[in-house]
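What follows is one structure encoded as structure tokens, with my remarks underneath.
Laboratory data are not the source of any read-out in this text; all were calculated from the coordinates shown. All values derive from a computational prediction rather than experimental measurement. Reconstructed Cβ throughout: ideal geometry from the backbone, glycine too, with neighbour counts over all protein chains shown.
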Amino acid sequence: MEPMFGPGDLVIARSDLDPHVGDVVLAEVNGGMVLHRLVAREADGDWRTKGDANRAIDGWRVTDDDIVGRVWVIVPSGGDVLIWVAAHPLTSAWIAAVLSVLIGWPWRATWRATSASGCSPTRP
């Protein structure tokens, strides 16, 4: 589906869909999943698809039941990050811990003041 997205990108698809020509959908085809654009609706209701990098329309047809979802969000290199995190769980945990401290540090004075006064930050 290049140039819209490429290898290593994370694609999030939504299942609440009313597909239209031009939508990029995640569909089950021949036991696998494909991300292709809907290019035509046949008289029998089936869809014709085509990958953006392909010159020809796909040789298969997709029914509404085959469509799992419509592309909602694309995160460039997001898939690569998830693969790296899965391959390095200990390093990822350390990074998450350091980020938590860095993000939480500015709030420590507020937390100390509310605990010293006996007030809860969630109650007036």
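Please list the non-local residues whose amide H lies under 5 Å from the amide H of Leu26, H modeled 1.01 Å from N, same-chain partners needing a gap of 5 or more.
Excluding prolines and chain starts, which carry no amide H, the hits are Val68, Gly69, Arg70, Val71.
With each pseudo-label sitting 7 Å past Cα toward Cβ, what's the Ala43-Val85 distance in nm, one decimal?
So the two model labels end up 5.0 nm from each other.
What net charge is computed for the residues neighbouring Glu28, neighbours being all others with C-beta under 15 Å from the C-beta of Glu28, Lys and Arg scored +1, Asp and Glu -1?
-3
Any idea what the dipole of segment 1-71 comes to, in debye rounded to 20, about its Cα centre with Lys/Arg Cβ at +1 and Asp/Glu Cβ at -1?
260 debye
I'd like the distance separating the alpha-carbon centroids of segment 21-40 and segment 50-97, in whole Å.
One Cα centre to the other: 13 Å.
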